[in-house]
Amino acid sequence: MSASINTKNTNRFIDPALYIAFGATGLILLALIASAFFEKVLFSKTVSVSEEEVVKIEALKIKPQLIGALRIDATATMPSNHWAIYEIQLLDKQGKLIASATKEAWRESGFDSDGSWSENDLDAGLDVRAKKNEELTLALTVLEQGNRSRFATGNFGTPQPKPAQPVRINVKVANGVVDTRHLWPGLFGTLALSVMTFIAAPRTGKKAISKTINDSDPSDRATVGGADKLVRVKINVKSDENSPSQMRARLVINDSYGEQLYSENIPLNLTFHREEGKLEKVTGFAQQFFVFETQDSYGFHVEVTPDAPVDRTTLTVLDGNRTRGAVDVVHIGSTVTS
């Protein structure tokens, strides 16, 4: 009696979670890259606005759009230890307020035991998405302003005596702006998920065998296989400083009757561990992938050669495993008459 054996490269057992995780990361990354191409700056200018004055800046023609919005960014400029409450306004043709954003801007500096310090909060913004074509006028107004430390008083301090100095505000208007604030957490979240999935993929499945002995020839038997299941066989070896530069592991697989189905000498991937130039130990690793057409009890036997320097050998068999990419798989068919 003998079994049909053939080896072929296949991506059939790649973990689908990898496609989902990396696909989601790729889509978010593409969205972040694409968002930069949608944005178009319409104008940028700096205006001086006095308290309680409404300064009309520009007429804006807005229309519905599938992607992005009209964004108005404003940044106030003021001396240290001053504050101002200013408002971005959008007015219709009749001068009626349609939308607005109010900002409590401040700049402070001083000295303490650690030296000088400076803090500020000057930026404001307004995003607008139109439901219909319309023309709006962009305007700015300063509602109130003052000096002294807002932290020293617990509020915005003392209003300035009139006439107060105008507040200089830089305004930039851009169209087609995509709000990426939620995309960045999504990118890092899906990237973390992708890394975890990448690490977990080779460890999936049922651990049918995990046999460690302080020698070179572990053996064990387990029920594994099935036409749709990938079986991963891993061999880990630890040897002493007398290890040669090359070692091999002979893997033998027997069927439920003890008849040999497969035998192969697999090179071990060796890592030489040195400390202060002296070889301390050598670790080796090898693995092979199988598909058993019939689920049954199979015996797995490993013999590492040369065996003299071997301190420990571990045989691990994972049933129903997944891979990160295409791998060479040994297909072992049903036993037939020879």
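Computed from the coordinates by the stated procedures, all read-outs in this text should not be read as laboratory data. Source: prediction; values computed, not measured. Counting neighbours? That spans all protein chains shown, and the Cβs are built from the backbone with ideal geometry, glycine included.
Count the net charge of all other residues whose Cβ sits under 11 Å from the Cβ of ASN133, scoring Lys and Arg as +1 and Asp and Glu as -1. Once all neighbours under 11 Å are counted, the net charge is +2.
Taking the beta-carbon count within 10 Å as an exposure proxy, list MET196, MET247 from fewest neighbours to most.
Numbers: MET196 12, MET247 22.
Sorted ascending by nearby Cβ count, the order is MET196, MET247.
Of the labelled figures (i) 21.4, 65; (ii) 35.4, 107; (iii) 19.5, 62, only one reflects Rg and Dmax of the Cα atoms in Å as derived from the coordinates, namely (ii). Could you compute the net charge surrounding ARG248? Neighbours are other residues with a C-beta less than 14 Å from the C-beta of ARG248; K and R count +1, D and E count -1. Charge balance near ARG248 sits at -3.
The distance between label points at GLN65 and SER113 comes to 5.3 nm (points 7 Å beyond Cα on the Cα→Cβ vector). In this simple spin-label approximation, ARG129 and THR271 carry label points 7 Å from Cα along the Cα→Cβ vector, and these lie 5.0 nm apart. Along its principal axes, the range 40-173 has C-alpha extents of 56, 32, 24 angstrom, given from the largest down. Counted residue by residue at 0.36 nm each, then reduced by the alpha carbon distance between them, the extension gain from ILE20 to ARG221 reaches 68.8 nm.
Once the chain from ASN242 to ASP328 is taken as fully extended at 0.36 nm per residue, the excess over their C-alpha distance is 27.7 nm. Label-to-label distance for LYS211 and SER44 is 7.1 nm, based on points extended 7 Å past Cα in the beta-carbon direction.
Given a Förster distance of 51 angstrom, what is the FRET efficiency for GLU144 paired with LEU193, based on the Cβ-Cβ distance and rounded to 0.05? Using R0 = 51 Å, I get an efficiency of 0.60.
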